[in-house]
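See below for the structure under consideration.
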Ligand code: DC
């Protein structure tokens, strides 16, 4: 079984996908974490987004693995570092680079060939799992998405101003949906769910119901 979940930042994709993966006992792949890990590597090694030659070399040096929903980059658990505001504010600029996208899309397709998966991201329904059994496109108002981010960030120990978060999310949406290579877009055959006024449980139930009905 292949389930694709796409949507903008803070629409609830990862929380919801994780729960569904758990309930259905299938693998969850957070593709945003992979773009974040590459961004972290580039920032740590002072590789700017316009240095395609160095990015190309870096991709040969990076080994990404998910073990129990934890992302490892070259055998190091980077799950906390990839959520830092520095990575968050830079990731869209690296995620628009074609060689990075092609490298990760290839990897994601290979992971999905081997097992049943639920994958979340921006281009899962349109590119990575074009043949998914079910495609969901989650949305929510920018204010609600910023509130959710604020809560997540404070759980991770980062304090932020909601208005700054709203601006950052808007900027990220703009870059993600206007880039040339596989932009954030609802697949034609995806089902859109506005989660602004829904609880996590309600969204999970709605999607599981859709899966059951095939
Ligand atoms: O879902 P997230 O916030 O962790 O994603 C981080 C960034 O990675 C986001 O700005 C867009 C990019 N991304 C992407 O371009 N394609 C994906 N499949 C997943 C994420």
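Does residue 128 satisfy the condition of being touching a residue at least 40 places away in the same chain (Cβ under 8 Å) and under 14 Å from residue 31 (Cβ atoms)? Spell out how you get there, then give the answer.
Values: touching a residue at least 40 places away in the same chain (Cβ under 8 Å): yes; under 14 Å from residue 31 (Cβ atoms): yes.
Answer is yes for this residue.
Of all the residues in the range 198-214, those that are touching a helix residue (DSSP H, G or I) at 6+ places or on another chain (Cβ under 9 Å) and either modelled with pLDDT under 95 or assigned to a helix (DSSP H, G or I) (or both) number 7. When the range 1-19 is filtered for residues that are crowded, with 20+ Cβ neighbours inside 10 Å, outside any strand (DSSP E or B) and more than 10 Å from the ligand (Cβ to nearest atom), the ones remaining, listed by number, are 12, 16, 17. Name the single residue that is farthest from residue 35 (Cα to Cα) among those in the range 105-125 being within 12 Å of the ligand (Cβ to nearest atom) and buried (at least 22 other Cβ atoms within 10 Å of the Cβ). Once the filter is applied, the top-ranked residue is 125. Only one of the numbered conditions (1) under 14 Å from the mean Cα position of the chain (by Cα); (2) more than 9 Å from the ligand (Cβ to nearest atom); (3) part of a helix (DSSP H, G or I); (4) more than 18 Å from residue 182 (Cα to Cα) is not met by residue 38, and that is (4).
Taken as a whole, the condition of being part of a helix (DSSP H, G or I), modelled with pLDDT of 95 or more and within 13 Å of the ligand (Cβ to nearest atom) does not apply to residue 58. Under the condition of being touching a residue at least 60 places away in the same chain (Cβ under 8 Å) and either surrounded by 23 or more Cβ atoms within 10 Å (Cβ to Cβ) or in a loop (DSSP other than H, G, I, E, B) (or both), the residues counted in the range 138-148 number 4.
Only one of 89, 163, 93 is away from the ligand (no atom under 11 Å from the Cβ) and either more than 27 Å from residue 3 (Cβ to Cβ) or in a helix (DSSP H, G or I) (or both); which? Every option except 163 fails the conditions.
The values are calculated or read from the model by the stated rules, or taken from the named source; none is laboratory data. From a predicted model like this one, the values you see are computed outputs, not experimental measurements. Cβ sites come from the backbone with ideal geometry, for glycine too, and all protein chains shown count toward neighbours.
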